Amino acid sequence: MSNFNNLNNINPQALQGLLSVASKKLGTTPEKLQKQLQDGTFEQALAGMPKNEAAMLTQALSNKATAEKILSTPQAQAIYKKLSGK
């Protein structure tokens, strides 16, 4: 698996939105998921997801450009606004 230590290079609002959505799906907190991703121990979190969804999430987060592109979509922004109450 790729190293996710470059999560700090992603737009903070977009990252929080993604972590919020993913953590709810995985049954964890955004903070715990972010720590797992940064530590490279996120396989535990992905174990509870359907394999195809886990693979898509891993692929999206592995590539900064792809993650930024996904997070900048109107759909991702709408999810972020809904989750953050903004």
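The values are calculated or read from the model by the stated rules, or taken from the named source; none is laboratory data. As the structure is a computational prediction, the values presented were derived from the model and not from experiment. Counting neighbours? That spans all protein chains shown, and the Cβs are built from the backbone with ideal geometry, glycine included. All accessible areas refer to the heavy atoms of the entire protein, side chains included, with ligands and DNA or RNA removed. Shrake-Rupley method; radii C 1.70, N 1.55, O 1.52, S 1.80 Å.
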Output for the range 17-46, where each listed residue is within 14 Å of I70 (Cβ to Cβ) and surrounded by fewer than 18 Cβ atoms within 10 Å (Cβ to Cβ): V21
Somewhere in the range 2-18, is a residue at pLDDT below 75, hydroxyl-bearing (S, T, Y) and not in a helix (DSSP H, G or I)? yes
Can you pull out every residue in the range 47-59 that is loosely packed, with under 15 Cβ neighbours inside 10 Å and in a helix (DSSP H, G or I)? K51, N52, E53, A55, M56, Q59
Taking the range 60-69 as the search range and keeping residues that are open to solvent by less than 80 Å² (accessible area, probe 1.4 Å) and in contact (Cβ under 8 Å) with a residue 24 or more places away in the chain, which one is nearest to the chain's Cα centre (by Cα)? L61
